[in-house]
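Below you'll find the structure, written out as structure tokens, and then a few comments.
The values are calculated or read from the model by the stated rules, or taken from the named source; none is laboratory data. Keep in mind that what you see is a predicted model, and the values were worked out from it rather than measured. Cβ placement follows ideal geometry from the backbone for every residue including glycine, while neighbour counts extend to all protein chains displayed.
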Amino acid sequence: MSELVTNSVRHSGVPAGAELIVSVDLTPCMVSLDVEDPGSGGTIAPHCPDSQAGGGFGLNLVQALSERWGMERVAEGGTRVWAQLARAPLAAPSCAEDRREAVA
């Protein structure tokens, strides 16, 4: 979520004080993250990481960690960027239980 918000603040071109709409939706199998801002310019796509300039890592991480992610231009003007991450089942064994089973 912090990467989506950071990209919105840094790259949307909206002035200070603009409002963002941030939402998180939890289902038994998925975590859905959503950030909407009033900006409508710029390209939203992963870039090659640049360790010298310190950029290009964020959306690559979002892409690597997400089941799906994307963006859309909002009809009222603005941009919405979202990501869906798989959520472990609530009944999954803890890490300690996994280790005990592997040793036995």
Among the residues of the stretch 93-100, is there at least one that is modelled with pLDDT under 75 and part of a loop (DSSP other than H, G, I, E, B)? yes
Out of the residues in the stretch 48-77 meeting the condition of being without any contact (Cβ under 8 Å) to a residue 24 or more places away in the chain and in a helix (DSSP H, G or I), tell me which one is nearest to V31 (Cα to Cα). L65
When the stretch 5-26 is checked residue by residue, the ones that are at pLDDT 90 or above and either among the polar types (S, T, N, Q) or not in a loop (DSSP other than H, G, I, E, B) (or both) are V5, I21, V22, S23, V24, D25, L26
Condition met for L61 (surrounded by 11 or more Cβ atoms within 10 Å (Cβ to Cβ), out of contact with any Ser or Thr (no Cβ under 6 Å at 6 or more places or on another chain) and of a type in the set (A, V, I, L, M)): yes
Do you know which residues across the stretch 1-30 are of a type in the set (D, E) and in contact with a strand residue (DSSP E or B) (Cβ under 6 Å, 6 or more places away or on another chain)? D25
Whichever residue in the stretch 30-51 is loosely packed, with under 13 Cβ neighbours inside 10 Å and hydrophobic (A, V, I, L, M, F, W, C) and, among such residues, is modelled with the highest pLDDT: C48
